[in-house]
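Any read-out appearing in this document is the output of simple, stated calculations on the displayed coordinates, not a laboratory observation. Since we're looking at a predicted model, the values are computed, not measured. All Cβ positions, glycine included, derive from the backbone under ideal geometry; neighbour counts span all protein chains shown.
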Amino acid sequence: MSGVEGYMYPNEVTLYWSVLIVLYPYITGLVAGAFILASLVRVFRVQAVAPTYRLALLTALSFLLVAPLPLQFHLGHPERSPEMYFTPHATSAMAMFGYVYLWYLMAVLVFEIWLDYRREIVVRSQQTKGLLRLIYKVMTLGSNNISERSLHIDERVGWVVTLIGIPSAFLLHGYVGFIFGSIKANPWWSSPLMPVVFIFSAMVSGIAGVMLLYMAMTKLRKQTIDIKCVDTIAMYMFYIFIIDFSLEMLDLVHRIYEADESFRSLDFMVHSKLFFSQIVLQICLGTLLPLVLLFLAQVVKFSEIVRKRIYVFCGSMILISVFAMRWNVVIGGQLFSKSFLGYTTYKVDLVTKEGLLVAIGFLILPLLFLWALLKLLPPWPEPSSHQAASGD
Amino acid sequence: MNISRRHILVLLPAAAVAWKHVLAGTPEDSPNYKMSDHWWGMLIDIPKCIGCGNCVRACQTENDVPDGNFRTWVERYHVSDYHLENPEVISPDGGKEGFPAVKVGDEGKYFFVPKMCNHCSDSPCTQVCPVGATFVAPDGVVLIDPKYCLGCAYCVQACPYGCRYIHPTKKVADKCTLCYHRITKGLTTACCEACPTGARQLADLKNPKDPIHEFLKTHAVQVLKPQMATGAKAFYNGLDGSVR
């Protein structure tokens, strides 16, 4: 059979979870990571990263809005997906998706953004005209009181929401890891470490994503990049990445040392089918190289411009690495037979419902949402004339 | 078109004859079937399987199984004396058309293993279904409601035995139903009926008169992948340790 080496159970030859299912944990990971970065400011009072606070929240929202779309496109019967809300199956990890998603979207993210922007929304609903005025009016939800006392209450409630948001972000993404980690039939997935690894890789990718967006947008707006801000972000990214890498290595070493019945099969897969995406892309280029560079940036006194370049390179490599990690988990978990006797091949389609173009579209769509949100709710103060002139 | 009384006089008896033919091929309804009176499983006697593929063909015909997917299939194992843990397994087109001849002088042993849904009582596939579209019926058969299934394929991933697939046109999960439309009417499954050697036997564990009880008492019977603890009800006699 074409694309099959050794023996696969006949129903295993086709992969049912495609690149869209790779996108799903990738996108939710970016959401969770971006939110954790925002929480550094709000809850942990890390003022150095304050310039990214609102951008992180809007980024999280943009990606969260897109997160369910790959799933919808993947379903054989997307019109039946509301059944997950109406008649969820209590024993299914996947059944909780709708609730976790809605909780995180409405009770945490949208609520926090609304609280944070409420003053601006009210002001804009009075200053703008036409359709924009109507949009802002709706967004006030009838709450026009922007007195000191009222804003102080917003601040307190916002703090509590962020506090609740941290475990919620962990829940959102840890739960995605649990969907894979709880499948005992699949030794590549079945691991209690899976949700934890997912959470930490999510934090790294989300932080890297927001850092890159912040640097790119500041450049585009011809403003000065706050080097203290990106230095601090890079420091957190470095430490979290170390934890993430340690956990992944712990999982790997445990598998190698234990060498159970599946080991020979999985080991062969890593050295053949997944060699490029796992060994080269995820581990060497996407993890070890950024870790070394970020470490050097911590201990060597590079100039600002060198540090910025290091951060841009490392941020980009981390985004690629985490995508590769999701790919290796989702696709890798279906490439070998549960008989441990053979391997199949995954060929990405180009223009089908679950093809590459759709996947690229789902990666671009959050950026379009972000652009719209930035227009509607600018996360930065309007630049004064001398700032605009100085550039970077 | 105007239909006259003469037309009706001709058409009605013809329709009656046609309907009688339809009924003749349909098993009788079984209004008295009580799910709670049964606990279905399957006995698979490996030494009796000759790898003819009759069961696979019968299943595909009976259940309209799409090409390339299988509700049941037959594997041929070749276990070498030197590589007991790494058998060579083939199942060309699910064993539907039989198997190529064995090379003369090949060392080791050859045997056939029919595979199908194990109708697990603690089935991982039903556990993970997000809407409960797949379920263990009170008579022990694992079924899928095709009008409810989302087609998410989570159950396909969760099945340790590779028994499920997504139907290419219906876009829902599909697998062996143990010929539910037959067994609830007192018939056996299509694969059991087509097996020329009796290597497959439908078993009702709640029926004290079922020969399965005597068989289980007198034979060393195992299930596939017992470490998965799925409560599998496809019982294998003569199962070699190399079978996965």
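Could you grab me the full set of residues in the range B:53-76 that are more than 12 Å from the chain's Cα centre (by Cα) and surrounded by fewer than 20 Cβ atoms within 10 Å (Cβ to Cβ)?
B:T61, B:D64, B:P66, B:D67, B:G68
A quick yes/no check of all residues on (1) at the interface with chain A (Cβ under 7 Å from one of its Cβ atoms); (2) of a type outside the set (K, R); (3) surrounded by fewer than 23 Cβ atoms within 10 Å (Cβ to Cβ):
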residue	(1), (2), (3)
B:K109	no, no, yes
B:C125	no, yes, no
B:D139	no, yes, yes
B:K147	no, no, yes
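Here's the yes/no breakdown for (1) surrounded by fewer than 22 Cβ atoms within 10 Å (Cβ to Cβ); (2) outside any helix (DSSP H, G or I); (3) on the phi > 0 side of the Ramachandran plot:
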{"residue": "A:V31", "(1), (2), (3)": "no, no, no"}
{"residue": "A:S39", "(1), (2), (3)": "yes, no, no"}
{"residue": "A:H89", "(1), (2), (3)": "yes, yes, no"}
{"residue": "A:G98", "(1), (2), (3)": "yes, no, no"}
{"residue": "A:L115", "(1), (2), (3)": "yes, no, no"}
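Take the range A:145-192 and flag every residue that is within 14 Å of chain B (Cβ to nearest Cβ) and assigned to a helix (DSSP H, G or I).
Within the range A:145-192, A:Y175, A:V176, A:F178, A:I179, A:F180, A:G181 qualify.
Table: residues versus (1) loosely packed, with under 13 Cβ neighbours inside 10 Å; (2) closer than 26 Å to A:I331 by Cα.
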position	(1), (2)
A:Y214	no, no
A:I225	no, no
A:M237	no, no
A:I240	no, yes
A:S262	no, yes
A:F268	no, yes
A:L291	no, yes
A:K301	yes, no
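Going through B:T188, B:T169, B:T134, B:T184 one at a time, which residue ends up being within 24 Å of A:V19 (Cβ to Cβ), β-branched (V, I, T) and more than 8 Å from chain A (Cβ to nearest Cβ)?
B:T169
So, in the range A:5-23, exactly how many residues are part of a loop (DSSP other than H, G, I, E, B) and either more than 18 Å from B:C163 (Cβ to Cβ) or in contact with a Pro (Cβ under 7 Å, 6 or more places away or on another chain) (or both)?
Going through the range A:5-23 one residue at a time, the tally reaches 1.
With the checklist (1) more than 13 Å from chain B (Cβ to nearest Cβ); (2) surrounded by fewer than 24 Cβ atoms within 10 Å (Cβ to Cβ); (3) not β-branched (V, I, T) in hand, flag the one item A:F63 doesn't pass.
Checking A:F63 against (1) more than 13 Å from chain B (Cβ to nearest Cβ); (2) surrounded by fewer than 24 Cβ atoms within 10 Å (Cβ to Cβ); (3) not β-branched (V, I, T), the one that fails is (2).
Go through the range A:334-362 and give me each residue that's over 25 Å from the mean Cα position of the chain (by Cα) and within 11 Å of chain B (Cβ to nearest Cβ).
Hits for the range A:334-362 are A:S337, A:K338, A:S339, A:F340, A:L341, A:G342.
Filter the range A:117-149 down to residues that are loosely packed, with under 13 Cβ neighbours inside 10 Å and touching a residue at least 24 places away in the same chain (Cβ under 8 Å), then give me how many there are.
1
Checking A:Y9 against (1) of a type outside the set (S, T, N, Q); (2) under 23 Å from A:I240 (Cα atoms); (3) over 20 Å from the mean Cα position of the chain (by Cα), which test does it fail?
(2)
Write out, first by first residue and then by second, each pair whose Cβ atoms fall under 9 Å of each other, whose residues are 6+ apart or on separate chains, and whose first residue, in the range A:1-17, is more than 7 Å from chain B (Cβ to nearest Cβ) and surrounded by 21 or more Cβ atoms within 10 Å (Cβ to Cβ) while the second is of a type in the set (F, W, Y) and not in a loop (DSSP other than H, G, I, E, B).
Listed pairs, sorted by first residue: A:M8/A:F336; A:M8/A:Y343.
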